[in-house]
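Colleague: This structure is in structure tokens; I'll ask about it shortly.
The values are calculated or read from the model by the stated rules, or taken from the named source; none is laboratory data. This is a predicted model, so every value here is computed, not measured. Note that we place each Cβ from the backbone using ideal geometry, even for glycine, and neighbour counts take in every protein chain shown.
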Amino acid sequence: MAVAPGIPFDIPGYRIARQLGQGGMATVYLATQTSLGRQVAIKVLAAERTPSNELIKRFENEARTIARLDHPNIVSIYDVGRASTGQLYYTLPYLPNGDLSTRRNIQDQRVILGILRGLAQALAYAHEQGIVHRDVKPENVLFDKLDRPLLADFGIALARYSDIRMTREGATLGSTGYMSPEQARGHVIDGRSDLYSLGVIAYELLTGDLPFHGPDALSVALAHVEQAVPRLPPTRRVWQPLIDKALAKDPNDRFQDAAAFLRCLEQIEGDLDGRRKPVATAIGWRERLSAIPASFW
Ligand code: ADE
């Protein structure tokens with residue numbers, strides 16, 4: 001099959017239409033799967049050199065593991081393979097409603113709560129299966145036709161690529177805005193690292209800003225390790241316990257699992273509900289209190 005203009009490779013069985021997005025480690029294309037006539041997204045891993053047999057095997061193994069994940073808030077994988085020029089790719093459902101990085105100005109706290117709940121449920125499910133995402137960030141949260149949030153790019157070999165980059169070329173490491181302190185230090189990570197990243201997403205949704213800034217990725221990574229998280233504004237006070245617990249530096253001080261994160265969200269939902277109780281209810285209590293004779297007190 002001919003290589004499409006501007007697309008430097010061919011993937012048999014797919015007609016690539018256009019580029020959907022580009023990250024440091026991969027490029028995503030919109031394509032048609034010719035056998036079924038359906039639209040899919042194809043994620044092609046950036047490979048400056050031919051991937052080793054070991055990397056290919058690991059990639060395929062991981063893809064198989066991830067293909068077993070079946071959850072309404074997780075983007076599934078259709079297939080994996082290699083392009084005509086050797087790059088590893090996988091295909092996934094095309095989700096037309098954009099990703100979370102384009103929705104940073106959500107005012108309604110219930111909408112924020114709904115997004116975080118969907119993502120925490122996805123993580124609870126994946127962690128139960130022993131799969132850590134490793135790269136939870138807004139670009140990896142896609143919205144389906146019903147605007148439900150789905151987590152994409154679960155634990156795929158992509159993360160291994162970024163590990164390689166981090167150790168060999170520290171200065172060019174990718175986005176560290178959502179990276180847990182232990183991941184920034186290159187330590188072994190577990191599901192609690194994903195919960196930290198989800199906490200950063202929560203912080204950003206609530207304030208419109210990331211907790212840590214710096215002139216380069218390395219200083220941001222260092223800030224995650226060393227700096228205190230700025231407090232939330234008073235209008236977002238009910239969320240402070242969640243932020244404190246999710247963004248604890250030491251994983252042992254953090255939510256220990258996604259179920260604990262979800263319980264905290266429930267608490268917040270209750271607090272938001274409480275704040276919405278009709279004023280009449282509050283006045284009712286005051287009136288009842290004032291009806292009690294002073295002698296009682
Ligand atoms: N960008 C990255 N992955 C995507 C997908 N599956 N659908 C639409 N846009 C995407």
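Colleague: With the requirement that a residue be in a helix (DSSP H, G or I) and within 16 Å of ILE112 (Cα to Cα), what does segment 196-225 give you? Talk me through it step by step, then tell me what you get.
Modeller: As a first pass, look at segment 196-225 and keep what is in a helix (DSSP H, G or I): 196-207, 217-225.
Residues satisfying the conditions are SER197, LEU198, GLY199, VAL200, ILE201, ALA202, TYR203, GLU204, LEU205, LEU206, THR207.
Colleague: Report, ordered by the first and then the second residue, all pairs with beta carbons closer than 6 Å, sequence separation of six or more or different chains, a first member in segment 89-102 that is within 24 Å of TYR178 (Cα to Cα) and among the charged types (D, E, K, R), and a second member that is within 6 Å of the ligand (Cβ to nearest atom) and not in a loop (DSSP other than H, G, I, E, B).
Modeller: Short answer, once both residue conditions are applied: ASP99/LEU142.
Colleague: What about VAL111, is it within 30 Å of THR207 (Cα to Cα), among the aliphatic types (A, V, I, L, M), within 15 Å of the ligand (Cβ to nearest atom) and not in a strand (DSSP E or B)?
Modeller: Working: within 30 Å of THR207 (Cα to Cα): yes; among the aliphatic types (A, V, I, L, M): yes; within 15 Å of the ligand (Cβ to nearest atom): no; not in a strand (DSSP E or B): yes.
When the stated conditions are applied, VAL111 does not pass them.
Colleague: Another one. Against the condition surrounded by fewer than 15 Cβ atoms within 10 Å (Cβ to Cβ) and either of a type outside the set (Asp, Glu) or more than 14 Å from the ligand (Cβ to nearest atom) (or both), how does SER76 come out, does it pass?
Modeller: Details: surrounded by fewer than 15 Cβ atoms within 10 Å (Cβ to Cβ): no; either of a type outside the set (Asp, Glu) or more than 14 Å from the ligand (Cβ to nearest atom) (or both): yes.
The answer is no for SER76.
Colleague: Check off (1) within 16 Å of the ligand (Cβ to nearest atom); (2) touching a Ser or Thr at 6+ places or on another chain (Cβ under 6 Å) for GLY86 and give me the number that stays unchecked.
Modeller: (1)
Colleague: Another question, if that's okay. Filter segment 34-55 for residues that are farther than 23 Å from ASP99 by Cβ, of a type in the set (A, V, I, L, M, F, W, C) and at pLDDT below 80 and give the result.
Modeller: ALA47, LEU55
Colleague: Search segment 174-219 for residues being within 12 Å of the chain's Cα centre (by Cα) and polar (S, T, N, Q), and hand back the single one that is nearest to PRO233 (Cα to Cα).
Modeller: Step by step, filter segment 174-219, then rank; the result is SER197.
Colleague: To continue, here is another question. On the given criteria, is ARG104 more than 16 Å from the ligand (Cβ to nearest atom), of a type in the set (D, E, K, R) and either within 30 Å of SER35 (Cα to Cα) or part of a helix (DSSP H, G or I) (or both)? Outline the logic, then answer.
Modeller: Values: more than 16 Å from the ligand (Cβ to nearest atom): yes; of a type in the set (D, E, K, R): yes; either within 30 Å of SER35 (Cα to Cα) or part of a helix (DSSP H, G or I) (or both): no.
No: the conditions fail for ARG104.
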